[in-house]
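Before any comments, here is the structure.
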Amino acid sequence: FLPHLVASSEQVEETYIMVKPDGVQRGLVGEIISRFERKGFKLSGLKLFRCPRELAEEHYKDLQSKPFFPKLIEYITSGPVVCMAWEGVGVVASARKLIGSTNPLQAEPGTIRGDLAVQTGRNVVHGSDSPENGQREIALWFKEGELCQWTPAQAPWLRE
Ligand code: IDP
Ligand code: MG
């Protein structure tokens, strides 16, 4: 139990963040990881991974009926992705803000998509949309033993 990480009513959450194949191919992995690292969230899982079709379909199963679904699966499986688990108070909503709107042309400057992408079909990064989906997606993309429990040295400098 780490009191400085669990301040009374504040709940530590986990979110699944993924650099999509375009982000990897465009050499944006370091830049994208940096955004979350510099914000002060804690990395608890990280791997480069070539995703099988079935996993991509399971991950995006809520979008199955959309006309763009086949192209989305094609896109996500077209090259390696970088899978990440990030932890922190409010990390799910905060990561979505750091990422920006789904359509990069509508994403605010300063966000990852706002700064680094131009099209919805090539929007460089994924972030879970709820704590429940954060849990679901981390369990889907990571095997047991791939996540790391640790206490960053900077923890007391991030939260009082
Ligand atoms: P999100 O990634 O911002 O949560 P979702 O609506 O959950 O957006 O869609 C998942 C992903 O599906 C998007 O990030 C994008 O890659 C793709 N996508 C969503 N809408 C479209 C579309 O209209 N055309 C092409 N791809 C889309
Ligand atoms: Mg989504």
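For every residue, the table says whether it meets (1) within 14 Å of the chain's Cα centre (by Cα); (2) away from ligand 1 (no atom under 11 Å from the Cβ); (3) under 18 Å from Gly27 (Cα atoms).
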position	(1), (2), (3)
Glu108	no, yes, no
Asn123	yes, no, yes
His126	yes, no, yes
Ser130	yes, no, no
Ala139	yes, yes, no
Leu147	no, yes, no
Pro152	no, yes, no
Residues that are under 24 Å from Pro131 (Cβ atoms) and in contact with a helix residue (DSSP H, G or I) (Cβ under 9 Å, 6 or more places away or on another chain), drawn from segment 67-92: Leu72, Ile76, Val81, Val82, Cys83, Met84, Ala85, Trp86, Gly88, Val91, Val92
Which listed residue, of Gly134, Gly114, is under 13 Å from the mean Cα position of the chain (by Cα), outside any loop (DSSP other than H, G, I, E, B) and either small (Gly, Ala, Ser) or within 15 Å of ligand 2 (Cβ to nearest atom) (or both): Gly134
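Within segment 1-102, considering only helices (runs of 4 or more DSSP H) that don't extend past its boundaries, which have at least 3 residues that are basic (Lys, Arg) and within 30 Å of Ala155 (Cβ to Cβ)?
Fully inside segment 1-102 and qualifying: 29-39.
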Residues (open to solvent by 10 Å² or more (accessible area, probe 1.4 Å) and within 13 Å of ligand 2 (Cβ to nearest atom)) located in segment 94-111: Arg96, Gly100, Ser101, Thr102, Asn103
Total residues in segment 63-86, condition in contact with a Leu (Cβ under 8 Å, 6 or more places away or on another chain) and more than 13 Å from ligand 1 (Cβ to nearest atom): 6
Selected residue (criterion: farthest from Lys39 (Cα to Cα)) from residues of segment 70-92 that are over 11 Å from the mean Cα position of the chain (by Cα) and within 13 Å of ligand 2 (Cβ to nearest atom): Leu72
Among the residues listed as Val81, Val118, Val89, Val125, the single one being in contact (Cβ under 8 Å) with a residue 60 or more places away in the chain, β-branched (Val, Ile, Thr) and open to solvent by 10 Å² or more (accessible area, probe 1.4 Å): Val89
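The values are calculated or read from the model by the stated rules, or taken from the named source; none is laboratory data. No experiment lies behind these values; they were computed from the predicted model shown. Here the Cβ is made from the backbone with ideal geometry for all residues, glycine too, and neighbour counts use every protein chain on show. To get the accessible areas, we keep the full protein, side chains included, count just its heavy atoms, and leave off ligands, DNA and RNA. Shrake-Rupley method; radii C 1.70, N 1.55, O 1.52, S 1.80 Å.
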